[in-house]
Amino acid sequence: MTQADSGPAVTDILDIPCGAGVFLCADHHLGHEGVTDFEDRPFPSLDAMRDGLIERHNAAVTRDDATVLFLGDLYWGWVAEDPKHLRIVREFLAPLRGRKLLLRGNHDCFPASFYLEAGFDAVATKEILLRCGERRDRIVRCVHSPEPVVGHLVSGFEDMPEGYGRVATVLEQGAALSGEWFCGHVHRTFRKLGPIVNVGLDLWDFAPVPLDAALAMLEDPTTVIPGPRGFVRKRNFSLFYDDV
């Protein structure tokens, strides 16, 4: 980590206990022109999306002592020197209920200190470990992208819908994938891919999902549950996402 990414609230891995007050979300893409059309989000503008996401967050997270895990790609901004970026993120986070923990995604390009100043309580750079069960001996690993988890299952894996479709095929044919995982990054490509559940906003009515609901989908015996987009790339996909 660089000096800007150091400090007691910044770590490679966050390790937290599960509980009834834990929620998960990912892929807000605040400030991302085109995301509302590309992901068929029900908001007429970026301002409407911001306001709608705040409203839906607080409708789902009703307690200030809840813990909300953001699994990356919060904000689509690239020039940290422009003070507007910090203002936009801070004004979005301020009214949100819950203790807010960020796992940085591929589009969370600012130093960790930026996100702490904006309102996050802690920042992880690699993954978040959730310890579940009465004895906290069930570990669910939270990552932003599932690519490192599944890429070895097929040769020439590509971090695109078709790549995950190839993974889905080998999983349905009996390939093994160890562990249990929550992710974001893939938007509407899949809901469940073997032992991986996508907690991105695009699949959960644009609100954080309660941990119990995410665990219930993880325990669904169905090997693969596609999302609304499925495993077919939409035109100009890379122009919008640069590898999602």
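The values are calculated or read from the model by the stated rules, or taken from the named source; none is laboratory data. The structure presented is a predicted model; accordingly, all values stated were derived computationally and were not measured. Glycine gets a Cβ as well: all are built from the backbone with ideal geometry, and neighbour counts include every protein chain shown.
Return the residues of the range 39-53 that are in contact with a Phe, Trp or Tyr (Cβ under 7 Å, 6 or more places away or on another chain) and either under 15 Å from Phe23 (Cβ atoms) or polar (S, T, N, Q) (or both); say none if nothing qualifies.
Leu53
Is it true that Thr36 is at pLDDT below 85 and not in a loop (DSSP other than H, G, I, E, B)?
yes
Only one residue in Leu129, Leu93 is among the aliphatic types (A, V, I, L, M) and over 21 Å from Ala48 (Cα atoms). Which one?
Of the residues listed, the single one that is among the aliphatic types (A, V, I, L, M) and over 21 Å from Ala48 (Cα atoms) is Leu129.
Return yes or no: is Tyr164 modelled with pLDDT under 95, buried (at least 17 other Cβ atoms within 10 Å of the Cβ) and among the hydroxyl-bearing types (Ser, Thr, Tyr)?
Taking the combined requirement at face value, the residue does not satisfy it.
Please specify each residue of the range 10-56 satisfying the condition of being touching a strand residue (DSSP E or B) at 6+ places or on another chain (Cβ under 7 Å) and of a type in the set (A, V, I, L, M, F, W, C).
Result: Val10, Ile13, Leu14, Ile16, Cys18, Val22, Phe23, Leu24, Cys25, Ala26, Leu30.
Being under 17 Å from the mean Cα position of the chain (by Cα), assigned to a loop (DSSP other than H, G, I, E, B) and more than 15 Å from Lys100 (Cβ to Cβ), is that true of even one residue in the range 40-47?
Yes; the residues of the range 40-47 include at least one that is under 17 Å from the mean Cα position of the chain (by Cα), assigned to a loop (DSSP other than H, G, I, E, B) and more than 15 Å from Lys100 (Cβ to Cβ).
Out of all the residues in the range 16-39, which are free of Cβ contacts under 8 Å to residues at least 24 places away in the same chain and surrounded by 15 or more Cβ atoms within 10 Å (Cβ to Cβ)?
Residue satisfying the conditions is Thr36 alone.
Taking the range 48-64 on its own, how many of its residues are among the basic types (Lys, Arg) and either within 18 Å of the chain's Cα centre (by Cα) or modelled with pLDDT under 90 (or both)?
Summing the residues that are among the basic types (Lys, Arg) and either within 18 Å of the chain's Cα centre (by Cα) or modelled with pLDDT under 90 (or both) in the range 48-64 gives 2.
Being under 13 Å from Ile88 (Cβ atoms) and buried (at least 17 other Cβ atoms within 10 Å of the Cβ) is the filter here, so list the residues in the range 40-53 that pass it.
Correct list: Leu46, Met49, Arg50, Leu53.
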